[in-house]
Amino acid sequence: MDYLIYLAGPITGLSWKAATEWRKNLIEKFKDASTGRINYIALSPLRGKEYLESETDIKDSYQGHRMSTPKAITERDLNDVRRSDLVIVNFIGADRVSIGTVLEIGAAKALNVPIILVIEDPKENEIASETISLTTGDANVKYLSTWKNVHDHSMVKESASLITSHIDDAFDFALHLLGN
């Protein structure tokens, strides 16, 4: 039996390496976990787009490349979500909203495709517990800096079947959800 796992997460504004490294690692882990009886096939939205390898700031789309036009990106990525048995969304380190990924989450939810969300847990984040002192006039006021991922939103979290702050946990959860 083959299981398809779609690897969603920010791309626009990232370098090729930043956008692909975690995906390549999961693709290899899923290949290694395949048994012949059960095969895990992880799908990257960047597969077949090696022409972007030199990019240090990937754009939203590229009109000069057939698979990178707005229409092609939208159709292929949403088709991948539609045919997948599971979607893993990696928002770790995201500092700008990934509109495409949020759309993929909505599509997966509407299609009843389970979603594993990987996002920082503010309780585990050192920045979240940092106290900042600011001087305002005569008073020294302390503010708690609570850095949150830009995707830390109730609808995003409620759409997920499972939430973790570690990509390796997402892999383990995926194997259990898919029946290994």
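What to note about this one:
- Screening Tyr51 on (1) aromatic (Phe, Trp, Tyr); (2) farther than 22 Å from Ile163 by Cβ; (3) in contact with a Lys or Arg (Cβ under 9 Å, 6 or more places away or on another chain) shows it passes everything except condition (3).
- Test: Trp22 is in contact (Cβ under 8 Å) with a residue 12 or more places away in the chain, surrounded by 14 or more Cβ atoms within 10 Å (Cβ to Cβ) and within 24 Å of Lys148 (Cβ to Cβ): yes
- Search result, residues across segment 52-73 that are touching a residue at least 24 places away in the same chain (Cβ under 8 Å) and either under 14 Å from the mean Cα position of the chain (by Cα) or more than 30 Å from Asp121 (Cβ to Cβ) (or both): Leu52, Glu53, Ser54, Glu55, Lys59, Ile73
Only the coordinates and a few stated rules stand behind these numbers; no lab work does. Just so we're clear, the structure is a prediction, and the values are computed from it rather than from any experiment. Cβ atoms come from the backbone with ideal geometry, glycine included; neighbour counts cover every protein chain shown.
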